[in-house]
1. What residues qualify as long-range amide H neighbours of ASP333, i.e. H under 5 Å apart, gap of 5 or more or another chain, H built at 1.01 Å from N?
2. Mind giving me the nanometre distance, one decimal, between the label points for GLU101 and SER73, set 7 Å out from Cα along Cα→Cβ?
3. Counting Lys and Arg as +1 and Asp and Glu as -1, each charge on the Cβ, what is the dipole of region 301-424 about the Cα centre in debye, to the nearest 20?
4. Fewest first, what order do ILE535, ILE83 take by the number of other Cβ atoms within 10 Å?
5. Can you give the charge dipole size of the chain about its Cα centre, rounded to the nearest 20 debye, using +1 on the beta carbon of Lys and Arg and -1 on the beta carbon of Asp and Glu?
6. Among MET466, GLY498, LEU479, whose Cα projects farthest towards the positive end of the dipole of region 434-573, with charges put on the beta-carbon of Lys, Arg (+1) and Asp, Glu (-1)?
7. Find which of MET264, MET159, PRO55 sits farthest along the positive direction of the dipole of the chain, computed with +1 on the beta-carbon of Lys and Arg, -1 on that of Asp and Glu, about the Cα centre.
8. Under a point spin-label approximation (7 Å from Cα along Cα-to-Cβ), what is the LYS267-ALA54 distance to one decimal in nm?
Amino acid sequence: MRALLDILSDEVRKGFREAGYDDAKITVTVSNRPDLCEYQCNGAMALAKEAHKAPFVIAEEVVGKISGSECFSKAECVKPGFINLHISDAFLASYLSEEAEADKFGLETEKPEKVVVDYGGPNVAKPLHIGHLRAAIIGEAVKRLSKYIGNDTLGDIHMGDWGLQMGLIIAEMQARGMERMPTLDELSEIYPAASEKSKNDEAFKNTAMDITYQLQHGNGKYLEIWRHIMDISVADLKHNYDKLNVSFEVWKGESDADPYITPMVEKMKQDGYAYESQGALVVDVTRDTDAKEMPPCMILKSDGASLYTTTDLATLVQRQEDYSPDAVIYVVDKRQELHFEQVFRAAGKCGIVPEKVRLSFLGFGTMNGSDGKPFKTRSGGVMRLEMLLDEVYEKCLERMKQSGSDIPEEEVNEIAEKIALAAIKYGDLSNEARKDYVFDIDKFTSFEGNTGPYILYTMVRIKSIMRKYRESGGDTSGLRILPPTNETEKALMMTLAGFVPMLCGAWKDLAPHRICAYIYQAANDFNKFYHETKILTEEDDDRKRGYVALIMLTLRILETAVDILGFEAPDMM
Ligand code: ARG
């Protein structure tokens with residue numbers, strides 16, 4: 001289905017052509033003076049010089065041609081040569097009815113792509129902490145958006161499962177004379193203890209490094225312990241990500257890149273891209289256009305050990321072999337930007353991925369506490385993800401009690417969980433990913449304002465109207481959206497007509513915050529309409545059914561949007 005703005009643009013373009021002008025650059029945009037009109041076209045201005053005519057004269061000629069159009073109820077020229085447009089109510093209603101009936105609201109995928117989203121990136125055996133929250137939330141939203149757009153999409157968790165933390169844990173187990181495999185609880189105590197010890201105990205650290213080296217070179221005994229740690233950690237990770245409504249199609253990690261490293265490095269050497277510099281093996285990734293210094297991309301350290309860049313490049317080799325993706329999107333802390341720039345350049349230069357593959361880095365900012373510093377627990381420690389979820393959940397329970405809801409006891413917990421998830425995710429996603437933001441529990445859990453709970457509250461309100469409508473015998477099949485009767489209703493309709501273009505834009509720019517801005521607008525438009533309109537008590541039955549059709553579409557759009565963002569609305573709250 002064509003976007004409303006495209007249809008309107010075409011209509012105005014036709015007017016320009018009929019009046020004898022070049023229409024190549026003519027577009028219609030949403031008005032920046034909504035008090036004057038709904039849409040506008042500024043095309044006459046650009047044509048004036050060439051046509052040797054005043055823009056106003058051109059605009060008048062065009063208005064003469066389009067005034068009979070079924071799309072517009074009014075088209076007028078304003079000095080110096082703007083064309084102000086009002087969309088026709090009947091046309092808007094028929095457009096929305098078509099949108100409501102179309103699959104995916106009329107979204108068409110021109111060319112479905114194969115997309116890999118690399119997000120999550122937890123480090124195995126270390127506790128999941130707040131730093132991993134944004135990766136999970138934003139990555140999941142980007143992945144779901146990609147799927148909705150129609151792409152064949154894989155989310156890969158890319159665990160940090162091959163590094164020094166594994167050597168540290170095994171070294172500590174040995175130091176303690178532990179004969180059996182550790183439990184999850186033991187693990188969460190052993191790693192911090194070992195990490196602490198390594199800071200002061202040089203010999204211990206060397207042992208851990210040696211074990212890491214041996215593990216990476218196939219030591220059977222260490223591999224067995226590693227596999228055990230992986231099993232229990234992955235089960236725990238799954239449980240934690242489940243709570244966040246985050247899931248991955250691919251559970252690979254840095255360790256899976258290992259077999260690809262040696263052949264990759266050999267080829268890089270053979271092709272002459274990798275060379276030795278101060279004992280290390282590097283690839284030069286500078287470009288003539290670089291304004292800033294670009295350090296060479298390190299492939300192997302002087303002791304032959306691989307690095308973070310090595311595993312990321314080897315992972316691209318694996319992804320190319322297994323999926324040949326059109327795009328790979330990394331959702332990672334923005335402080336890793338240089339790392340990814342080096343990886344992308346090296347991957348292109350060394351032919352690891354073909355030129356046409358888009359490698360994108362969606363770097364996110366830090367989640368801060370109200371003091372403006374990275375979020376910590378009350379006692380100042382690193383906040384574990386589970387603790388945060390619990391805290392927000394408790395707050396939501398409290399709010400539900402305050403608002404005096406009469407929800408049956410057995411459903412309260414599940415509902416509070418849904419609200420908590422919306423509070424956390426919307427609080428995060430409504431900010432542009434790149435920016436740091438303050439995690440403010442009071443604000444995020446509020447049922448009013450630009451928050452997740454407010455969006456859910458709006459959806460619950462529509463669900464409740466729909467329930468009453470059905471209970472009173474109302475039929476929901478064959479409903480048609482009618483032309484709006486007032487400006488408030490029209491505003492809601494115009495917002496709903498913009499859903500698919502908004503989604504396409506959010507995908508193109510990897511900007512999930514636009515989905516939040518959109519649903520906030522839609523929720524506000526709906527609530528205004530709700531307060532001004534008697535929906536179920538409307539006496540004219542056709543009108544009433546038209547209203548129901550409109551709010552049903554509103555709900556479906558909100559449901560689709562929050563599902564892309566990775567949360568859902570309860571039936572009551
Ligand atoms: N494990 C890494 C970290 O905690 C994030 C991994 C991101 N993904 C990647 N392909 N490097 O910093």
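Bear in mind these aren't lab numbers, they're just calculated from the coordinates by the rules spelled out. Every value quoted in this text rests on a predicted model; they were computed, and no experiment measured them. Counting neighbours? That spans all protein chains shown, and the Cβs are built from the backbone with ideal geometry, glycine included.
1. Excluding prolines and chain starts, which carry no amide H, the hits are PHE364.
2. Label-label distance for GLU101 and SER73, simple model: 2.3 nm.
3. On the way: 16 positive and 21 negative charges, 171 e Å.
Charge dipole, region 301-424, about its Cα centre: 820 debye, nearest 20.
4. ILE535, ILE83
5. Its charge dipole is roughly 960 debye.
6. Sorting the options by dipole projection puts first GLY498.
7. PRO55
8. Rounded to a tenth, the inter-label distance reads 6.8 nm.
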